Amino acid sequence: MKIKQQPEETPLETNMTPMIDIIFQLLIFFMCSIHFKALEGKLMSYLPKDKGMKTSVATPQLNEITVDVEFDEATKTSKYFVGESTYTDVDQVIDVVQKVYDQFRDQPKPAPVKLRAQPKVPWRDVIAVVDGCKKRNITNVEFQAAPPPSTPN
């Protein structure tokens, strides 16, 4: 008995070009036929009912007090920066921080003292700032990544 061999099936290849053309034509048709709702010159907003402006002055809020500590290789001492001022004594730094902190003590949330020290700064100088703040009842002291060291002019 002879076994029939089935003919090899040739894979069918579908041409995708006409399908893509139809999809793009439908897309263009719907894009052209859609009608967007036009605004009528009014925007819904809820404004306060008070008339006029009040002349109250907003009280400034202090977000943070930043103390930068850098180590001077030439003098082998640490320099402290609070704002634009430079100090070499920890007690001066703590006095300045205390003055600024007292000005904004009545805020709902007291401003933190952010301490940023360069990697070469000895730990005793960093801990001196933390201890000074603790002695003055400034308990919100945070450590932050140090900025790049300043270059001498």
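Do we find a residue being modelled with pLDDT of 70 or more and within 30 Å of A117 (Cα to Cα) anywhere in the range 46-64?
So far as the range 46-64 goes, yes, one or more of its residues are modelled with pLDDT of 70 or more and within 30 Å of A117 (Cα to Cα).
Give me the strands (runs of 3 or more DSSP E) completely within the range 65-138, filtered to those with at least 1 residues that are touching a residue at least 40 places away in the same chain (Cβ under 8 Å), ordered by residue number.
Where strands (runs of 3 or more DSSP E) fall fully within the range 65-138 and carry at least 1 residues being touching a residue at least 40 places away in the same chain (Cβ under 8 Å), they are 65-72, 77-82, 113-117.
Can you find, within the range 68-113, the residue that is surrounded by the fewest Cβ atoms within 10 Å (Cβ to Cβ) among those that are within 15 Å of N137 (Cβ to Cβ) and of a type in the set (V, I, T)?
V100
The values are calculated or read from the model by the stated rules, or taken from the named source; none is laboratory data. Note that the structure is predicted; figures quoted are calculated from it, not measured. In this analysis, Cβ positions are derived from the backbone assuming ideal geometry, glycine residues included, and neighbour counts consider all displayed protein chains.
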